[in-house]
Amino acid sequence: MAIQSDSMTRYGPMFGPDYTFLGVPACDWQEPATYADAEVVIVGAPFDGGTSHRPGARFGPQVIRGTDYLPHDGSRPHMSMRVDALEKVKDAGDLEVYSGEIQRSCTIIEDAVAFIAKNGAIPLILGGDHTVTWPDVAGVAKKYKNISVIHFDAHADTGDIEFGSLYGHGQPMRRLIESGAVRGDRFLQVGLRGYWPGPDVLDWMADQGMDSFHMSEIVEKGLDTVLDRAFEIALDGCEGVFLSVDIDVCDPGHAPGTGTPEPGGLTGRQLLDAVSRICHELPVVGMDIVEVSPPFDHAEITAMLGNRVVLEALSGMARRRADAGGPPWNRATPLLQGRGTQQDEPA
Ligand SMILES: [Mn+2]
């Protein structure tokens, strides 16, 4: 069904007060002039109508935007990377999506994401459950013909029909491959574990040429080795990378506030490092973070991690931009090297 983009308006955060991601300037996704100077446009997709178990991710955008103890002043200089994560970021608010209408909501999200991408910004979508990655990636794929996807998750999300439906948070990756939006052999998955999906779905994934890294392989080889391999595949003949982060890739001890927690995952530290590396070393053209479910969170653990995943991604992108115009930054650079008033005073 066709939803006209002009039927949409900036809604503001759909659940809660109307504030932007840590105070960055607001923009209107339908008015490209309002984000012409931005590299990244944040947009909320507060949709959790595709959940198979615990809902609540519709409240994700609100907490990801605001869970931070520092002033929400639209500026976050990264201590070691020496760039301001928020310098070229604007926030378009939440799309008006109704969790009871899955296809209509997905169409609204895809239209907005495609429009933002075509107008030159990197869409960064705050979910919402993982259903939204189907329209997120499909929207970005309308601009870039050849994209690869790096997908952090406990679950493969490659189910075919679940609960009698083709659409839900367990199936977006299958829909993306079947529709031709992304090639199966350019689909990288990191952090899989638990007891779903079953052998028939794993057979289908193998037939598509997917590269899916189970936690046991990550533990055996090390996360950096797995990422190096994923980077090679992701860059092979691709114009850009879409990064999709399901917060349940982390162990429930690090991210309890999520709908389908699975023990034995990554640490928060590992996820932040991986996201930072990806956004610094790869041409990321779109990103989403999904499955943060505040009603199941404890002490804002998951909300804080979600906020930092976004900040580390933005810092990595800002550092990539800075590297292009000057001496590249090195992860091993000591924090205080080259700093101090004596070195910094103009001649
Ligand atoms: Mn998922």
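Taken together, the values in this text are just the output of simple stated rules run on the coordinates, not laboratory data. Since the model is a prediction, treat every value here as computed from it, not as a measurement. Positions of Cβ are generated from backbone atoms using ideal geometry, with glycine treated the same way; all protein chains shown enter the neighbour counts.
For the reader, a short list of remarks on this structure follows.
- Calculated [θ] (222 nm, deg cm²/dmol) that DSSP helices of n ≥ 4 give over the chain, each run adding -39,500 (n - 2.57): -9500 deg cm²/dmol
- Candidates Leu314, Thr302, Gly268 compared by Cα position along the dipole of the chain: farthest toward the positive end lies Leu314, with charges placed on Cβ.
- Each residue of segment 243-259 was assigned a 3J(HN,Hα) from its phi angle through the Karplus expression (A = 6.51, B = -1.76, C = 1.60, θ = phi - 60°), giving 9, 10, 10, 8, 4, 6, 5, 7, 4, x, x, 9, 8, x, x, 8, x Hz with x at Gly and Pro.
- Taking N as its residue count, the alpha carbon Rg of segment 209-347 over 2.2 N^0.38 Å: 1.21
- Kirkwood hydrodynamic radius of the chain, Cα pairs, Å: 20.0
- Selection from Ile64, Phe21, Trp204, by position along the positive dipole direction of the chain (Cβ): Phe21
- In plain terms, the chain from Leu335 to Asp160 could stretch by 58.2 nm, reckoned as 0.36 nm per residue minus the Cα-Cα distance.
- Kirkwood-based Rg to Rh ratio, segment 296-345, C-alpha trace: 1.17
- If you take the alpha carbon atoms of segment 1-142 and fit the smallest convex hull around them, that volume is 118 Å³ per residue.
- DSSP bridge pairs, the chain: antiparallel proportion in percent, nearest 5: 5
- If you run the Gaussian network model on the chain, springs between alpha carbon atoms under 10 Å, then out of Gln337, Gln103, Gln270 the most flexible one is Gln337.
- Exceeding the 28 Å Cα-Cα cut-off - candidates Lys90/Lys145; Lys118/Lys221; Lys88/Lys143; Lys88/Lys145: Lys118/Lys221
- The residues His169, His78, when put in order of fewest to most other Cβ atoms within 10 Å, stand as His78, His169.
- Dipole magnitude of segment 5-327 about its Cα centre (Cβ charges: Lys, Arg +1; Asp, Glu -1), debye to nearest 20: 600
- Reciprocal of mean inverse Cα separation for segment 77-232 (Kirkwood radius, Å): 17.0
- Among residues other than Phe242 with Cβ under 9 Å from its Cβ, the summed charge is -2 (Lys and Arg +1, Asp and Glu -1).
- Highest-fluctuation residue, Met287, Met173, Met205 considered, GNM on the chain with Cα pairs under 10 Å: Met205
- Most to least packed among 119-132, 249-262 [average Cβ atoms within 10 Å]: 119-132, 249-262
- Net charge over other residues, Cβ less than 12 angstrom from the Cβ of Ser293 (K, R count +1; D, E count -1): -4
- Each peptide among 178-187, 306-315, 61-70 gets the average number of other Cβ atoms lying within 10 Å of its residues, and from highest to lowest they stand as 306-315, 61-70, 178-187.
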